[in-house]
Amino acid sequence: GMTTPDGYLKRIRELCTRHGILLIFDEVITGFGRVGNAFASQRFDVQPDMITAAKGITNGCVPMGVVIASDDVHEAFVQGPDNAIDLFHGYTYSGHPLACAAAIATLDTYAEENLFDKAIELGDYWQEGIHSLKGLPNVIDIRNYGLIGAIELAPRPGAPGTRAYDAFTRAFHEGNLLTRVTGDVIALSPPLILEKSHIDRIFQTLADTLRATA
């Protein structure tokens, strides 16, 4: 992942509008409170034409995907004859009642426990924690926004991706910490119920892991 300069996404919005290009935000990771709003597009004050979302709508416990479209995009699909299907996008498990029940319960919990505020309340503490890893062996870059973080490691010569993978497995087996990796980047997106003590444990475990991973 990467962070963007201030105003970058608004400029992209302007260019897409000017040239008639649809702007689509993938908010599978950033959606549902991860950056302090329901969606990152709200945090950046940019309205895309479409938003894709998934895991966060059901707390990841039942598979469900979501596409949110603007009125203009919606209207483009409902101009056909009355006997035609407006959006031929149905599948065997579309609108599954179990997934819908999980989504409703999850959205209720977000509201009842004010979980979207977590990224605002803990954002500075999270940032301090992740940047405490600066200077540890093989760490070449650290990026964060809201309750999202990425630690980029220097690749091993001739074996890219193996260093981060080894750190991933060591953190899991020796530190009881589950992260994810993409290439040589350790990616973090913790649950919204975390507290400061959890943040301390996450980054202490990662510090120990990075020191032990050659």
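Within the stretch 186-207, residues that are over 17 Å from residue 174 (Cβ atoms) reach partners that are hydroxyl-bearing (Ser, Thr, Tyr) with beta carbons closer than 8 Å, at six or more positions or on different chains, in the pairs 187/179; 188/179; 192/110; 196/125; 199/125. Considered as a group, the residues in the stretch 1-28 that are in contact with a Lys or Arg (Cβ under 8 Å, 6 or more places away or on another chain) and among the aliphatic types (A, V, I, L, M) include one that is nearest to residue 76 (Cα to Cα), and that residue is 23. If the condition is being part of a helix (DSSP H, G or I), hydrophobic (A, V, I, L, M, F, W, C) and exposed (fewer than 14 other Cβ atoms within 10 Å of the Cβ), then the stretch 52-91 contributes 76, 77.
This table checks each residue for (1) free of Cβ contacts under 8 Å to residues at least 40 places away in the same chain; (2) surrounded by fewer than 17 Cβ atoms within 10 Å (Cβ to Cβ).
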position	(1), (2)
93	yes, yes
98	yes, yes
107	no, yes
119	no, no
122	no, no
128	yes, yes
132	no, yes
138	no, no
146	no, no
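Considering the stretch 12-45, and only residues there that are outside any loop (DSSP other than H, G, I, E, B) and either in the same structural domain as residue 188 (by TED's automatic domain parsing) or under 10 Å from the mean Cα position of the chain (by Cα) (or both), the residue that is surrounded by the most Cβ atoms within 10 Å (Cβ to Cβ) turns out to be 40.
The criterion of at least 1 residues that are under 18 Å from residue 28 (Cβ atoms) and in the same structural domain as residue 39 (by TED's automatic domain parsing) is met by none of the strands (runs of 3 or more DSSP E) falling completely within the stretch 105-214.
Given the criteria within 20 Å of residue 192 (Cβ to Cβ) and among the small types (Gly, Ala, Ser), does residue 80 qualify? No. Scanning the stretch 200-208 for residues that are of a type in the set (Phe, Trp, Tyr) and either at pLDDT below 95 or over 16 Å from residue 139 (Cα atoms) (or both) turns up nothing.
The values are calculated or read from the model by the stated rules, or taken from the named source; none is laboratory data. Given the structure is predicted, the values throughout are model-derived calculations rather than measurements. Note that we place each Cβ from the backbone using ideal geometry, even for glycine, and neighbour counts take in every protein chain shown.
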